[in-house]
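Visitor: Sharing a structure with you now.
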């Protein structure tokens, strides 16, 4: 399968195929890739999103949460902040809209069996860069890296990708812990 013609220098247009609100301020967004192509990112790499708000161009980095080998799509998890410029832009997104990305970026990427054990510490949407790395480990039967993921969230209800994380914890080499800062109602 071929890779999309992603470039670090040039922004490319991608169509939004779905926007799901996962919490009051966080969106899980799926973008279509042409044909059955792949994004071509290695686990741990990220993209730059370009937005325009009130005539001002802004750019922010996001790590796709979809598997590195996903065909025909990629997904991101984006938290919106009340005063954030990019948040205003993302909050307006609807399926069918076109959004511009460039990349890949990041020289830290995961190589199978490079380490005996990985400790992943993440808070909120900081979980995103961990997801493709974790997925690549559990998708590869030859990768015996042991992973401990500690995710910090406000409430149990506010844990992002909870089902995915619970499924990952069923693998012999993955442990997940959730640290909560608020008591659930």
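Visitor: How many of the residues making up the stretch 142-160 are modelled with pLDDT of 95 or more and outside any strand (DSSP E or B)?
Guide: 4
Visitor: Taking the condition of being surrounded by 16 or more Cβ atoms within 10 Å (Cβ to Cβ) and in a strand (DSSP E or B), how many residues in the stretch 166-177 meet it? Quick ask: steps written out before the conclusion?
Guide: Applying the first criterion (surrounded by 16 or more Cβ atoms within 10 Å (Cβ to Cβ)) to the stretch 166-177 yields 168, 174, 176.
Those left that are additionally in a strand (DSSP E or B): 174, 176.
Residues flagged as surrounded by 16 or more Cβ atoms within 10 Å (Cβ to Cβ) and in a strand (DSSP E or B) within the stretch 166-177 amount to 2.
Visitor: In addition: Is there a residue in the stretch 81-91 that is at pLDDT 95 or above and either over 27 Å from residue 51 (Cβ atoms) or surrounded by fewer than 18 Cβ atoms within 10 Å (Cβ to Cβ) (or both)?
Guide: No, the stretch 81-91 contains no residue that is at pLDDT 95 or above and either over 27 Å from residue 51 (Cβ atoms) or surrounded by fewer than 18 Cβ atoms within 10 Å (Cβ to Cβ) (or both).
Visitor: To continue, here is another question. Out of all the residues in the stretch 118-134, is one or more on the phi > 0 side of the Ramachandran plot and either outside the structural domain of residue 175 (by TED's automatic domain parsing) or at pLDDT below 95 (or both)? Show your work before the answer.
Guide: The first filter runs over the stretch 118-134 and keeps only residues on the phi > 0 side of the Ramachandran plot, leaving 124.
In the following step, the residues that additionally are either outside the structural domain of residue 175 (by TED's automatic domain parsing) or at pLDDT below 95 (or both) were identified as 124.
Yes, some residue in the stretch 118-134 is on the phi > 0 side of the Ramachandran plot and either outside the structural domain of residue 175 (by TED's automatic domain parsing) or at pLDDT below 95 (or both).
Visitor: Let me ask something additional. Count, please, the residues in the stretch 143-165 that happen to be over 20 Å from residue 20 (Cα atoms), within 21 Å of the chain's Cα centre (by Cα) and surrounded by fewer than 14 Cβ atoms within 10 Å (Cβ to Cβ).
Guide: Residues flagged as over 20 Å from residue 20 (Cα atoms), within 21 Å of the chain's Cα centre (by Cα) and surrounded by fewer than 14 Cβ atoms within 10 Å (Cβ to Cβ) within the stretch 143-165 amount to 0.
Visitor: Ok, one more. Restricting attention to the stretch 120-137, does a residue exist that is more than 14 Å from the chain's Cα centre (by Cα), under 26 Å from residue 162 (Cβ atoms), touching a residue at least 40 places away in the same chain (Cβ under 8 Å) and surrounded by 13 or more Cβ atoms within 10 Å (Cβ to Cβ)? Before the answer, list the steps.
Guide: Of all residues in the stretch 120-137, those more than 14 Å from the chain's Cα centre (by Cα) come to 120-121, 137.
Filter again for under 26 Å from residue 162 (Cβ atoms), leaving 120-121, 137.
Within this subset, residues satisfying the condition of being touching a residue at least 40 places away in the same chain (Cβ under 8 Å) are none.
No - not one qualifying residue is present in the stretch 120-137.
Visitor: In addition: Working only within the stretch 30-52, note down all residues that are surrounded by 15 or more Cβ atoms within 10 Å (Cβ to Cβ) and touching a helix residue (DSSP H, G or I) at 6+ places or on another chain (Cβ under 8 Å).
Guide: Once the filter is applied, which keeps residues that are surrounded by 15 or more Cβ atoms within 10 Å (Cβ to Cβ) and touching a helix residue (DSSP H, G or I) at 6+ places or on another chain (Cβ under 8 Å), the stretch 30-52 yields 41, 43, 44, 49, 51.
The values are calculated or read from the model by the stated rules, or taken from the named source; none is laboratory data. Only a predicted model underlies this, so the values are computations on that prediction, with no experimental measurement involved. Note that we place each Cβ from the backbone using ideal geometry, even for glycine, and neighbour counts take in every protein chain shown.
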